[in-house]
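We did not get these values from a lab; they are worked out from the coordinates using the rules stated. Quick caveat, the model's predicted, so the values are computed rather than measured. Please note: Cβ atoms are built from the backbone with ideal geometry, for glycine as well, and neighbour counts cover all protein chains shown.
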Amino acid sequence: MSIERCHRCVGNQTCDDQVIEKCLPIPSFGDLTKPHLKVVTVGLNPSLTEFVVKEKTKDRSMRLSMLTDYGRESRADLSDADVSDATSRRENYFQDPKRDWHSYFEKLESVLNRVNPAWTYAVGSAAHIDVVACATKDSWGFLSNDKNNKSVALKQIISNCGEYFLKSISNLPNGTIILCNGQRAWIEVASLGKSLGKFEMKPSIRYNDLGDIVRIGELTCGEKIFPVRGWTTPANYLTSISRFDLAKWVHGTLFPPK
C-alpha cells in the first residue's frame, strides 16, 4: 500500500485521533532518488502549518497535497494518478518557485551549507525524511511531554509509521550521510539500526557551554552503510552562532583535515 493511502492512525483511539486524514502523509521532502543526493536530514513529522494557517487551508499552490485536491473523502479512495501527483508535489517541494519553504528548513539549510557548500535542498544534493509522515493536531513537543499523558498515542503513531520510515532510509543511495535533527530523531534512527542488528555508536560529546550533546554513529541497512551524525537540540531552536558551531563540528567529523 502506498503511504498516501495509509489510514492506520485515522480514527484510531490509541493514537488519540491525532492524525489529520485530510492532510496526506509526507514521508520525505525532496526526491530521495536523485543520483547526486549526498545527505538527508531526519526530523519528527511534517508541521500542520504546511497545510493550514490559523485553521484556514492554504492555497493549493502554497501547500502540500490534501484529499480535497482530488475530490476524495478518504485516503483509501485515492487513485494511482492522485498518488503520483501527491508524490511529485512533495518531491519537488524545494524546487517549486511558487511556494516558500517552511522556516524549519531554512534553519537546517544554514547548517548544511556550512558543513559543505555543495549540500543544499535547492538542487537536490540534500533531502529530508520524517520519522512520522503525518501532520498531527498537537505539536510533537506537546505529545512528548509526559505531563500531557500522550506517550501511548505517540508510541503507537511512531510504530504505525515504522514500515515507511524504514523504506525511506533503506532506499537511500549507499553512503548517504544521515543528520538527525534533535534527540528524538536520533533515538528513532538508532532504534531502527538496532532492530536491524547493525548500528554502531561512539560515546556522546558535549559540544558547547549550553550542554548540547552531539553523537556519531553508523547504520548498516542490507549492503548499504550510512554515516550518522546527530544532536540533541533541533537546529530550528538554535541561535545562528550555535548553528555555526554545530556545522563546524559536523564538518570536522566527516571531513577531518589530512
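Miscellaneous remarks
- Positive-end residue, the range 93-181 charge dipole about Cα centroid, Cβ charges, pick of Asn171, Asn149, Ala127: Asn149
- Cα-Cα over 23 Å, subset of Lys107/Lys198; Lys34/Lys56; Lys58/Lys150; Lys56/Lys98; Lys137/Lys198; Lys34/Lys167: Lys107/Lys198; Lys34/Lys56; Lys58/Lys150; Lys137/Lys198
- The chain: angle of helix 80-91 to the longest principal axis, Cα-based, in degrees nearest 10: 30
- The gain in end-to-end length when the Lys198 to Lys155 segment is fully stretched comes to 13.2 nm, 0.36 nm per residue minus the alpha carbon separation.
- Hz values of 3J(HN,Hα) by residue in the range 176-182 - Karplus curve (6.51, -1.76, 1.60), Gly and Pro given as x: 4, 7, 10, 10, 8, 8, x
- Think of it this way: in the chain, Cys6, Cys23, Cys134, Cys161, Cys180, Cys221 stand alone, with no other Cys Cβ under 4.7 Å.
- 3J(HN,Hα) from dihedral phi, the range 223-240, Karplus parametrisation 6.51/-1.76/1.60, rounded to Hz, x for glycine, proline: 8, 9, 10, 10, x, 10, 10, x, 8, 6, 8, x, 4, 6, 9, 8, 6, 4
- Positive contributions from Lys and Arg (+1) and negative ones from Asp and Glu (-1), summed over other residues with Cβ under 13 Å from the Cβ of Thr220, come out at 0.
- Candidate aspartates and glutamates - alpha carbon under 13 Å from Lys194, same-chain residues fewer than 8 apart omitted: Glu218
- Charging the Cβ of each Asp and Glu at -1 and of each Lys and Arg at +1, and nothing else, the dipole of the range 68-202 about its Cα centre rounds to 580 debye.
- For Ile177, the residues 5 or more places off, or on other chains, whose built amide H falls under 5 Å of its own are Val39, Val40.
- Degrees separating the helix 103-115 axis from the principal Cα axis of the chain, which is the longest one: 30
- Cut-off 14 Å between beta-carbons: net charge of the residues surrounding Ala118, Lys and Arg +1, Asp and Glu -1: +2
- Taking the average, over residues, of other Cβ atoms within 10 Å as the packing measure, peptides 241-251, 129-139 rank 129-139, 241-251 from highest down.
- Amide H partners (placed H, <5 Å) of Val52, local residues excluded: Lys58
- Per-residue ellipticity at 222 nm, computed for the chain from helices alone with -39500 (n - 2.57) per DSSP H run of at least four residues, works out to -9500 deg cm²/dmol.
- Cα-based helix-to-principal-axis angle, 183-196 vs the chain, degrees rounded to 10: 90
- Derived scalar couplings between HN and Hα for the range 243-248 equal 5, 4, 4, 4, 4, 5 Hz in order, rounded to whole Hz, by the Karplus curve 6.51 cos²θ - 1.76 cosθ + 1.60 (θ = phi - 60°), x for Gly and Pro.
- Projecting the Cα atoms of Gly222, Ser74, Thr49 onto the charge dipole of the chain, computed from C-beta unit charges around the Cα centre, puts Gly222 farthest toward the positive end.
- Cross-link partners for Lys224 among the aspartates and glutamates, with Cα-Cα distance under 19 Å and sequence neighbours closer than 8 places in the same chain left out: Asp31, Glu163, Glu188, Glu200.
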